[in-house]
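Asks: Mind looking over this structure? Questions follow.
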Amino acid sequence: MASPFSGALQLTDLDDFIGPSQDCIKPVKVDKRLGSGVAKIHIEDDGSYFQVGHDGGTRKLEKAKISLDDCLACSGCVTSAETVLITQQSHEELRKVLDANKTVAPGQQRLVVISVSPQSRASLAARFQLNPTDTARKLTTFFKKLGAHYVFDTAFSRNFSLLESQREFVRRFRGQADSKQALPVLTSACPGWICYAEKTHGTLLIPHLSTARSPQQVMGSLVKDFFAQQQRLTPDKIYHVTVMPCYDKKLEASRPDFFSQEHQTRDVDCVVTTAEEHLRCGFIAGEVFKLLQEEGVLLSELEPTPLDSLNKDFQEVTLEREGQVLLHFAMAYGFRNIQNLVQKLKRGRCPYHYVEVMACPAGCLNGGGQLKAPDTADKELLQHVERLYSMVRTEVPEDVPGVQELYKCWLQGEGSEQAGRLLHTSYHAVEKATSGLSIRW
(Lines give C-alpha, C1' and ligand atoms only; values in the text may rest on other atoms or scores of the structure.)
Protein backbone atom coordinates (compact mmCIF):
# COMPACT_ATOMS: atom_id res chain seq x y z
CA MET A 1 0.00 0.00 0.00
CA ALA A 2 1.47 3.36 -1.00
CA SER A 3 2.08 5.89 1.75
CA PRO A 4 -0.72 8.47 1.96
CA PHE A 5 1.66 11.01 3.43
CA SER A 6 3.91 13.64 1.91
CA GLY A 7 7.28 12.70 0.46
CA ALA A 8 8.70 16.19 0.97
CA LEU A 9 11.23 14.80 3.43
CA GLN A 10 12.64 11.29 3.10
CA LEU A 11 14.83 9.96 5.92
CA THR A 12 15.73 6.42 4.84
CA ASP A 13 12.27 4.85 4.62
CA LEU A 14 10.56 7.65 6.55
CA ASP A 15 8.68 10.74 5.46
CA ASP A 16 7.03 13.85 6.93
CA PHE A 17 4.87 11.64 9.14
CA ILE A 18 7.59 9.66 10.87
CA GLY A 19 6.33 6.18 11.71
CA PRO A 20 7.10 3.99 14.72
CA SER A 21 10.38 2.26 15.32
CA GLN A 22 11.05 -0.97 17.15
CA ASP A 23 10.76 1.15 20.31
CA CYS A 24 7.02 1.42 19.69
CA ILE A 25 6.42 -2.01 21.17
CA LYS A 26 4.87 -2.76 24.53
CA PRO A 27 6.39 -6.10 25.63
CA VAL A 28 4.21 -8.97 26.80
CA LYS A 29 4.80 -9.98 30.40
CA VAL A 30 6.02 -13.57 30.50
CA ASP A 31 5.43 -15.69 33.61
CA LYS A 32 8.78 -17.29 34.34
CA ARG A 33 7.19 -19.61 36.90
CA LEU A 34 5.42 -21.63 34.18
CA GLY A 35 7.43 -24.84 33.82
CA SER A 36 11.20 -24.65 33.78
CA GLY A 37 13.79 -23.37 31.40
CA VAL A 38 13.27 -20.72 28.72
CA ALA A 39 9.66 -19.78 27.92
CA LYS A 40 8.57 -19.28 24.30
CA ILE A 41 5.68 -17.42 22.71
CA HIS A 42 3.49 -19.25 20.18
CA ILE A 43 1.19 -17.13 17.96
CA GLU A 44 -2.00 -18.67 16.56
CA ASP A 45 -3.48 -17.85 13.15
CA ASP A 46 -6.19 -15.74 14.78
CA GLY A 47 -3.58 -13.51 16.43
CA SER A 48 -3.89 -14.97 19.94
CA TYR A 49 -0.69 -16.13 21.57
CA PHE A 50 0.39 -18.59 24.24
CA GLN A 51 3.34 -18.93 26.55
CA VAL A 52 4.94 -22.35 26.03
CA GLY A 53 7.17 -23.66 28.79
CA HIS A 54 10.14 -25.96 28.36
CA ASP A 55 8.05 -28.84 29.73
CA GLY A 56 5.31 -28.28 27.13
CA GLY A 57 2.88 -26.48 29.45
CA THR A 58 0.96 -23.60 27.85
CA ARG A 59 -0.89 -20.54 29.08
CA LYS A 60 -2.89 -18.10 26.98
CA LEU A 61 -1.54 -14.58 27.29
CA GLU A 62 -3.57 -11.41 27.42
CA LYS A 63 -3.16 -9.23 24.36
CA ALA A 64 -1.02 -6.18 24.96
CA LYS A 65 -2.80 -2.85 24.62
CA ILE A 66 -1.07 0.40 23.83
CA SER A 67 -2.75 3.50 25.25
CA LEU A 68 -2.11 7.12 24.43
CA ASP A 69 -0.41 7.51 27.81
CA ASP A 70 2.06 4.82 26.76
CA CYS A 71 2.79 6.86 23.63
CA LEU A 72 3.39 10.02 25.61
CA ALA A 73 5.95 8.17 27.73
CA CYS A 74 7.70 6.69 24.67
CA SER A 75 10.64 8.34 22.94
CA GLY A 76 10.57 6.09 19.89
CA CYS A 77 8.44 7.93 17.35
CA VAL A 78 7.24 11.40 16.47
CA THR A 79 3.65 11.45 15.22
CA SER A 80 2.67 8.62 17.54
CA ALA A 81 -1.08 9.00 17.21
CA GLU A 82 -0.83 8.11 13.52
CA THR A 83 0.59 4.70 14.25
CA VAL A 84 -0.80 3.17 17.43
CA LEU A 85 -3.99 1.35 18.30
CA ILE A 86 -6.21 4.08 19.69
CA THR A 87 -9.12 2.56 21.58
CA GLN A 88 -10.33 5.38 23.82
CA GLN A 89 -10.77 8.10 21.19
CA SER A 90 -13.03 7.08 18.35
CA HIS A 91 -16.55 7.51 17.08
CA GLU A 92 -17.40 4.18 18.74
CA GLU A 93 -16.64 5.73 22.13
CA LEU A 94 -18.90 8.66 21.26
CA ARG A 95 -21.65 6.20 20.34
CA LYS A 96 -21.24 4.42 23.69
CA VAL A 97 -21.82 7.67 25.58
CA LEU A 98 -24.79 8.61 23.39
CA ASP A 99 -26.31 5.12 23.79
CA ALA A 100 -25.77 5.21 27.56
CA ASN A 101 -27.60 8.55 27.73
CA LYS A 102 -30.65 6.92 26.12
CA THR A 103 -30.94 4.37 28.93
CA VAL A 104 -30.95 6.79 31.88
CA ALA A 105 -33.22 9.57 33.10
CA PRO A 106 -32.50 13.05 31.63
CA GLY A 107 -31.10 14.28 34.96
CA GLN A 108 -28.54 11.47 35.00
CA GLN A 109 -27.26 11.96 31.44
CA ARG A 110 -23.84 13.31 30.62
CA LEU A 111 -24.08 16.56 28.70
CA VAL A 112 -22.56 15.86 25.27
CA VAL A 113 -20.76 18.84 23.71
CA ILE A 114 -19.17 18.66 20.26
CA SER A 115 -16.69 21.27 19.03
CA VAL A 116 -15.96 21.33 15.29
CA SER A 117 -12.77 22.79 13.83
CA PRO A 118 -13.03 25.08 10.79
CA GLN A 119 -10.45 22.93 8.99
CA SER A 120 -12.62 19.83 9.33
CA ARG A 121 -15.65 21.80 8.25
CA ALA A 122 -13.81 23.00 5.15
CA SER A 123 -12.78 19.42 4.31
CA LEU A 124 -16.35 18.16 4.61
CA ALA A 125 -17.62 21.16 2.63
CA ALA A 126 -15.27 20.25 -0.20
CA ARG A 127 -16.32 16.58 -0.15
CA PHE A 128 -20.06 17.37 -0.17
CA GLN A 129 -19.72 20.47 -2.35
CA LEU A 130 -21.23 22.84 0.20
CA ASN A 131 -20.18 26.22 1.54
CA PRO A 132 -18.70 26.21 5.08
CA THR A 133 -21.71 27.90 6.67
CA ASP A 134 -24.18 25.32 5.33
CA THR A 135 -21.79 22.56 6.35
CA ALA A 136 -21.66 23.84 9.93
CA ARG A 137 -25.45 24.01 10.13
CA LYS A 138 -25.95 20.56 8.66
CA LEU A 139 -23.32 19.07 10.99
CA THR A 140 -25.15 20.62 13.93
CA THR A 141 -28.38 18.98 12.79
CA PHE A 142 -26.62 15.65 12.31
CA PHE A 143 -24.88 15.60 15.71
CA LYS A 144 -28.00 16.68 17.58
CA LYS A 145 -29.97 13.95 15.81
CA LEU A 146 -27.42 11.48 17.18
CA GLY A 147 -28.00 12.82 20.69
CA ALA A 148 -25.50 15.64 21.21
CA HIS A 149 -26.78 18.55 23.29
CA TYR A 150 -24.54 21.37 22.04
CA VAL A 151 -22.37 21.88 18.95
CA PHE A 152 -19.73 24.62 19.01
CA ASP A 153 -17.18 26.03 16.57
CA THR A 154 -13.52 26.06 17.62
CA ALA A 155 -13.04 29.22 15.55
CA PHE A 156 -14.32 30.92 18.73
CA SER A 157 -11.61 29.40 20.94
CA ARG A 158 -9.00 30.09 18.27
CA ASN A 159 -9.50 33.79 19.00
CA PHE A 160 -8.47 33.26 22.64
CA SER A 161 -5.41 31.31 21.52
CA LEU A 162 -4.43 34.09 19.12
CA LEU A 163 -4.93 36.81 21.73
CA GLU A 164 -2.83 34.96 24.29
CA SER A 165 -0.15 34.27 21.68
CA GLN A 166 -0.03 37.99 20.91
CA ARG A 167 0.30 38.91 24.59
CA GLU A 168 2.98 36.31 25.18
CA PHE A 169 5.02 37.42 22.18
CA VAL A 170 4.89 41.09 23.15
CA ARG A 171 5.88 40.17 26.72
CA ARG A 172 8.86 38.12 25.56
CA PHE A 173 9.90 40.69 22.95
CA ARG A 174 9.94 43.43 25.57
CA GLY A 175 12.01 41.25 27.87
CA GLN A 176 9.33 40.90 30.55
CA ALA A 177 9.05 37.13 30.30
CA ASP A 178 10.76 34.48 32.38
CA SER A 179 14.43 34.04 31.55
CA LYS A 180 13.73 30.46 30.48
CA GLN A 181 11.54 31.71 27.62
CA ALA A 182 13.41 32.77 24.49
CA LEU A 183 12.99 34.25 21.04
CA PRO A 184 11.98 33.28 18.46
CA VAL A 185 8.61 32.16 19.80
CA LEU A 186 7.58 28.90 18.13
CA THR A 187 3.87 28.12 18.01
CA SER A 188 2.61 25.04 19.84
CA ALA A 189 -0.80 24.26 18.34
CA CYS A 190 0.50 21.33 16.24
CA PRO A 191 0.88 18.22 18.46
CA GLY A 192 2.99 16.38 15.87
CA TRP A 193 5.52 19.22 15.99
CA ILE A 194 5.35 19.28 19.81
CA CYS A 195 6.07 15.53 20.04
CA TYR A 196 9.08 16.05 17.81
CA ALA A 197 10.29 19.07 19.79
CA GLU A 198 9.93 17.39 23.19
CA LYS A 199 11.38 14.02 22.22
CA THR A 200 14.13 14.99 19.80
CA HIS A 201 15.37 18.49 20.71
CA GLY A 202 13.88 19.03 24.17
CA THR A 203 16.36 21.38 25.87
CA LEU A 204 17.02 23.28 22.64
CA LEU A 205 13.43 23.92 21.54
CA ILE A 206 11.29 23.95 24.69
CA PRO A 207 12.39 27.46 25.80
CA HIS A 208 11.15 28.76 22.44
CA LEU A 209 7.71 27.09 22.53
CA SER A 210 4.70 29.29 23.07
CA THR A 211 2.85 28.27 26.22
CA ALA A 212 -0.49 29.40 24.78
CA ARG A 213 -2.88 26.46 24.47
CA SER A 214 -4.06 25.33 21.06
CA PRO A 215 -7.61 26.21 19.96
CA GLN A 216 -8.68 22.64 20.80
CA GLN A 217 -7.40 22.85 24.36
CA VAL A 218 -8.68 26.40 24.89
CA MET A 219 -12.08 25.05 23.84
CA GLY A 220 -11.60 22.32 26.41
CA SER A 221 -11.02 24.97 29.07
CA LEU A 222 -14.07 26.94 27.97
CA VAL A 223 -16.33 23.88 27.94
CA LYS A 224 -15.15 22.22 31.16
CA ASP A 225 -14.80 25.47 33.14
CA PHE A 226 -16.82 28.44 31.92
CA PHE A 227 -19.61 26.49 30.17
CA ALA A 228 -19.81 23.92 32.99
CA GLN A 229 -20.39 26.75 35.48
CA GLN A 230 -23.08 28.19 33.22
CA GLN A 231 -24.83 24.81 33.15
CA ARG A 232 -24.30 24.35 36.91
CA LEU A 233 -22.49 21.08 36.28
CA THR A 234 -19.19 19.68 37.43
CA PRO A 235 -16.71 19.11 34.56
CA ASP A 236 -17.01 15.31 34.80
CA LYS A 237 -20.72 15.55 33.94
CA ILE A 238 -19.83 16.92 30.49
CA TYR A 239 -18.54 14.69 27.67
CA HIS A 240 -16.57 16.94 25.33
CA VAL A 241 -15.82 15.77 21.79
CA THR A 242 -13.77 17.67 19.22
CA VAL A 243 -13.78 17.15 15.45
CA MET A 244 -10.23 17.74 14.25
CA PRO A 245 -8.19 17.49 11.02
CA CYS A 246 -5.37 15.49 12.61
CA TYR A 247 -4.98 12.19 14.46
CA ASP A 248 -2.27 13.73 16.63
CA LYS A 249 -4.95 15.88 18.25
CA LYS A 250 -6.01 12.70 20.06
CA LEU A 251 -2.52 12.60 21.55
CA GLU A 252 -2.69 16.27 22.53
CA ALA A 253 -6.02 15.78 24.32
CA SER A 254 -4.47 12.90 26.30
CA ARG A 255 -1.59 14.93 27.75
CA PRO A 256 -1.55 14.81 31.58
CA ASP A 257 -1.39 18.62 31.53
CA PHE A 258 -5.01 18.68 30.35
CA PHE A 259 -6.39 16.29 32.97
CA SER A 260 -8.23 17.51 36.08
CA GLN A 261 -7.22 15.46 39.13
CA GLU A 262 -9.97 17.13 41.16
CA HIS A 263 -12.77 16.01 38.84
CA GLN A 264 -10.99 13.06 37.20
CA THR A 265 -11.79 14.25 33.70
CA ARG A 266 -9.99 15.57 30.62
CA ASP A 267 -10.64 18.95 29.02
CA VAL A 268 -11.32 17.03 25.80
CA ASP A 269 -12.71 13.54 26.37
CA CYS A 270 -12.70 12.30 22.79
CA VAL A 271 -11.24 13.47 19.48
CA VAL A 272 -12.65 12.27 16.16
CA THR A 273 -11.17 13.22 12.82
CA THR A 274 -12.76 14.19 9.56
CA ALA A 275 -11.54 11.23 7.56
CA GLU A 276 -13.53 8.37 6.18
CA GLU A 277 -10.85 5.74 6.76
CA HIS A 278 -7.23 5.71 7.76
CA LEU A 279 -5.37 2.42 7.56
CA ARG A 280 -2.44 2.25 9.95
CA CYS A 281 -0.93 -0.81 11.69
CA GLY A 282 -3.72 -3.03 10.41
CA PHE A 283 -6.68 -1.15 11.82
CA ILE A 284 -9.24 1.21 10.39
CA ALA A 285 -10.16 4.33 12.32
CA GLY A 286 -13.57 5.44 11.21
CA GLU A 287 -14.42 9.01 12.11
CA VAL A 288 -17.00 11.68 11.15
CA PHE A 289 -17.34 10.49 7.57
CA LYS A 290 -17.84 6.93 8.86
CA LEU A 291 -20.58 8.19 11.18
CA LEU A 292 -22.30 9.82 8.21
CA GLN A 293 -22.03 6.57 6.25
CA GLU A 294 -23.40 4.48 9.11
CA GLU A 295 -26.39 6.79 9.40
CA GLY A 296 -26.89 6.87 5.63
CA VAL A 297 -26.54 10.67 5.56
CA LEU A 298 -25.25 12.80 2.65
CA LEU A 299 -24.81 16.46 3.56
CA SER A 300 -25.49 17.53 0.00
CA GLU A 301 -24.66 17.03 -3.66
CA LEU A 302 -23.77 20.22 -5.50
CA GLU A 303 -21.57 21.10 -8.51
CA PRO A 304 -17.94 21.94 -7.62
CA THR A 305 -16.68 25.50 -7.81
CA PRO A 306 -13.42 26.88 -9.36
CA LEU A 307 -10.26 26.16 -7.39
CA ASP A 308 -7.82 28.63 -5.95
CA SER A 309 -4.09 28.13 -5.35
CA LEU A 310 -2.55 27.55 -1.84
CA ASN A 311 -0.15 29.22 0.46
CA LYS A 312 3.44 27.98 0.42
CA ASP A 313 4.90 25.74 3.16
CA PHE A 314 7.45 28.38 4.12
CA GLN A 315 6.78 32.09 4.21
CA GLU A 316 8.52 35.09 5.73
CA VAL A 317 6.98 38.41 6.68
CA THR A 318 8.78 41.46 8.04
CA LEU A 319 7.53 44.58 9.79
CA GLU A 320 9.65 47.52 8.66
CA ARG A 321 9.88 51.21 9.48
CA GLU A 322 11.93 53.54 7.29
CA GLY A 323 13.74 50.59 5.77
CA GLN A 324 14.68 49.07 9.14
CA VAL A 325 13.33 45.59 10.01
CA LEU A 326 11.57 45.74 13.38
CA LEU A 327 10.03 42.24 13.48
CA HIS A 328 10.67 39.12 11.42
CA PHE A 329 7.95 36.42 11.24
CA ALA A 330 7.93 33.05 9.49
CA MET A 331 5.72 30.05 8.79
CA ALA A 332 7.30 26.57 8.60
CA TYR A 333 5.10 23.66 7.50
CA GLY A 334 6.35 20.07 7.06
CA PHE A 335 9.44 18.47 8.58
CA ARG A 336 11.73 19.58 5.76
CA ASN A 337 11.21 23.19 6.78
CA ILE A 338 11.19 22.30 10.48
CA GLN A 339 14.65 20.73 10.09
CA ASN A 340 15.96 23.91 8.49
CA LEU A 341 14.50 25.96 11.34
CA VAL A 342 16.07 23.69 13.98
CA GLN A 343 19.47 23.91 12.31
CA LYS A 344 19.29 27.71 12.35
CA LEU A 345 18.45 27.64 16.06
CA LYS A 346 21.34 25.26 16.77
CA ARG A 347 23.78 27.54 14.99
CA GLY A 348 22.44 30.67 16.63
CA ARG A 349 21.52 32.10 13.25
CA CYS A 350 17.73 32.19 13.49
CA PRO A 351 16.58 35.68 12.42
CA TYR A 352 12.92 35.26 13.36
CA HIS A 353 10.97 36.61 16.31
CA TYR A 354 7.86 34.43 15.89
CA VAL A 355 7.34 31.24 13.85
CA GLU A 356 4.18 29.25 13.20
CA VAL A 357 5.21 25.58 13.03
CA MET A 358 3.12 22.70 11.67
CA ALA A 359 4.19 19.08 11.12
CA CYS A 360 1.99 18.59 8.03
CA PRO A 361 2.90 20.08 4.65
CA ALA A 362 0.24 22.74 3.92
CA GLY A 363 -0.70 22.77 7.62
CA CYS A 364 -3.85 21.45 9.28
CA LEU A 365 -5.89 21.62 6.09
CA ASN A 366 -3.74 18.72 4.88
CA GLY A 367 -3.84 16.90 8.24
CA GLY A 368 -3.63 13.13 8.38
CA GLY A 369 -7.23 12.97 9.59
CA GLN A 370 -8.70 14.99 6.72
CA LEU A 371 -10.73 13.62 3.82
CA LYS A 372 -8.66 12.63 0.81
CA ALA A 373 -9.51 12.65 -2.86
CA PRO A 374 -10.70 9.26 -4.21
CA ASP A 375 -8.16 9.42 -7.04
CA THR A 376 -4.98 11.38 -7.72
CA ALA A 377 -6.64 14.78 -7.41
CA ASP A 378 -5.32 15.49 -3.89
CA LYS A 379 -3.75 18.80 -4.93
CA GLU A 380 -6.97 20.08 -6.48
CA LEU A 381 -8.97 18.99 -3.43
CA LEU A 382 -6.51 20.71 -1.10
CA GLN A 383 -6.81 23.92 -3.09
CA HIS A 384 -10.59 23.68 -2.86
CA VAL A 385 -10.43 23.13 0.92
CA GLU A 386 -8.08 26.13 1.27
CA ARG A 387 -10.53 28.36 -0.58
CA LEU A 388 -13.45 27.20 1.57
CA TYR A 389 -11.44 27.60 4.77
CA SER A 390 -10.51 31.17 3.84
CA MET A 391 -14.22 31.99 3.86
CA VAL A 392 -14.51 31.33 7.61
CA ARG A 393 -11.36 32.94 9.00
CA THR A 394 -11.76 36.62 8.15
CA GLU A 395 -12.63 38.01 11.59
CA VAL A 396 -9.91 39.29 13.90
CA PRO A 397 -10.22 38.14 17.54
CA GLU A 398 -10.97 41.62 18.86
CA ASP A 399 -14.08 41.88 16.66
CA VAL A 400 -15.72 38.56 17.53
CA PRO A 401 -18.80 39.04 19.77
CA GLY A 402 -18.34 37.62 23.26
CA VAL A 403 -14.60 37.06 23.01
CA GLN A 404 -13.45 40.40 24.42
CA GLU A 405 -15.95 40.34 27.30
CA LEU A 406 -14.96 36.87 28.51
CA TYR A 407 -11.27 37.45 27.79
CA LYS A 408 -11.18 40.69 29.81
CA CYS A 409 -13.12 39.00 32.62
CA TRP A 410 -10.43 36.30 32.84
CA LEU A 411 -7.62 38.88 32.83
CA GLN A 412 -9.04 41.08 35.59
CA GLY A 413 -8.41 40.56 39.30
CA GLU A 414 -8.48 36.92 40.32
CA GLY A 415 -9.27 36.02 36.75
CA SER A 416 -5.69 36.69 35.65
CA GLU A 417 -4.50 33.61 37.54
CA GLN A 418 -7.38 31.62 36.07
CA ALA A 419 -6.49 32.83 32.57
CA GLY A 420 -2.93 31.64 33.05
CA ARG A 421 -4.16 28.22 34.11
CA LEU A 422 -6.82 27.81 31.43
CA LEU A 423 -5.11 29.42 28.45
CA HIS A 424 -1.51 28.24 28.91
CA THR A 425 0.35 24.99 29.45
CA SER A 426 3.94 23.73 29.65
CA TYR A 427 6.11 21.31 27.69
CA HIS A 428 8.63 18.75 28.81
CA ALA A 429 11.75 17.18 27.34
CA VAL A 430 11.43 13.41 26.95
CA GLU A 431 14.57 11.42 27.68
CA LYS A 432 15.41 8.74 25.15
CA ALA A 433 15.20 5.26 26.65
CA THR A 434 16.70 3.51 23.61
CA SER A 435 18.09 4.38 20.21
CA GLY A 436 15.55 2.55 18.04
CA LEU A 437 15.52 5.17 15.29
CA SER A 438 19.13 5.37 14.15
CA ILE A 439 18.65 8.73 12.46
CA ARG A 440 20.84 11.80 12.63
CA TRP A 441 18.54 14.81 12.72
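The values are calculated or read from the model by the stated rules, or taken from the named source; none is laboratory data. None of the values given here were measured: they were computed from a predicted structure. So basically every Cβ, Gly included, is an ideal-geometry build from the backbone, and we count neighbours across all protein chains shown. Calculation scope for accessible area: heavy atoms of the full protein, side chains included, ligands and nucleic acids excluded. Shrake-Rupley method; radii C 1.70, N 1.55, O 1.52, S 1.80 Å.
Asks: If a/c stays under 1.5 just call it rounded; otherwise compare a/b with b/c (prolate if a/b is bigger, oblate if not). Do that for segment 91-144, with a ≥ b ≥ c from the square roots of the Cα gyration tensor eigenvalues.
Replies: Here segment 91-144 falls in the prolate category.
Asks: For the ranges 266-273, 315-322, what's the packing order if you count other beta-carbon atoms within 10 Å of each residue, average per peptide, and put the highest first? If you can, show how the numbers build up before the last one.
Replies: Values: 266-273: 26.6, 315-322: 10.5.
In decreasing order of mean packing, 266-273, 315-322 become 266-273, 315-322.
Asks: Among LEU371, HIS353, GLN339, which residue has its Cα positioned farthest towards the positive end of the charge dipole of segment 334-408, with +1 placed on the Cβ of Lys and Arg, -1 on the Cβ of Asp and Glu, and the dipole taken about the Cα centre?
Replies: Of the options given, the answer is GLN339.
Asks: Taking R0 as 25 Å, what's the FRET efficiency between THR203 and GLN229 from their Cβ-Cβ distance, rounded to 0.05?
Replies: Details: r = 39 Å, r/R0 = 1.55.
So the FRET efficiency works out to roughly 0.05.
Asks: What nm value, rounded to one decimal, do you get for the distance between VAL396 and ARG421 when each label is placed 7 Å out toward the C-beta?
Replies: 3.2 nm
Asks: Which whole-number value in Å² is the accessible area per residue of segment 207-262, probe 1.4 Å?
Replies: Working: 1770 Å² over 56 residues.
Heavy-atom accessible area per residue stands at 32 Å².
Asks: In segment 99-173, what trypsin sites (Lys or Arg not before Pro) fall in a loop by DSSP, with at most 12 other Cβ atoms inside 10 Å?
Replies: none
Asks: Over the alpha-carbon set of segment 153-221, work out the extent along each principal axis and list the three values in angstrom, largest first.
Replies: Largest to smallest, the principal-axis extents are 35, 29, 16 Å.
Asks: May I pose another question? Protein chains only, probe 1.4 Å: how do ASP55, ASP153, ASP225 rank by accessible area, largest first?
Replies: Values: ASP55 105, ASP153 55, ASP225 25 Å².
Correct descending sequence by accessible area is ASP55, ASP153, ASP225.
Asks: Round to the nearest 10 and report in Å² the accessible area of PHE143, as given by a 1.4 Å probe over the protein chains' heavy atoms.
Replies: Only protein atoms counted, so the area is about 10 Å².
Asks: Among residues other than GLN217 whose Cβ falls under 14 Å from its Cβ, what is the net charge (Lys/Arg +1, Asp/Glu -1)? Could you put the intermediate results ahead of the total?
Replies: Working: positive: ARG158, ARG213, LYS224, LYS249, LYS250, ARG255, ARG266, ARG421; negative: GLU164, ASP225, ASP248, GLU252, ASP257, ASP267, ASP269.
Taking every Cβ under 14 Å from that of GLN217, the sum is +1.
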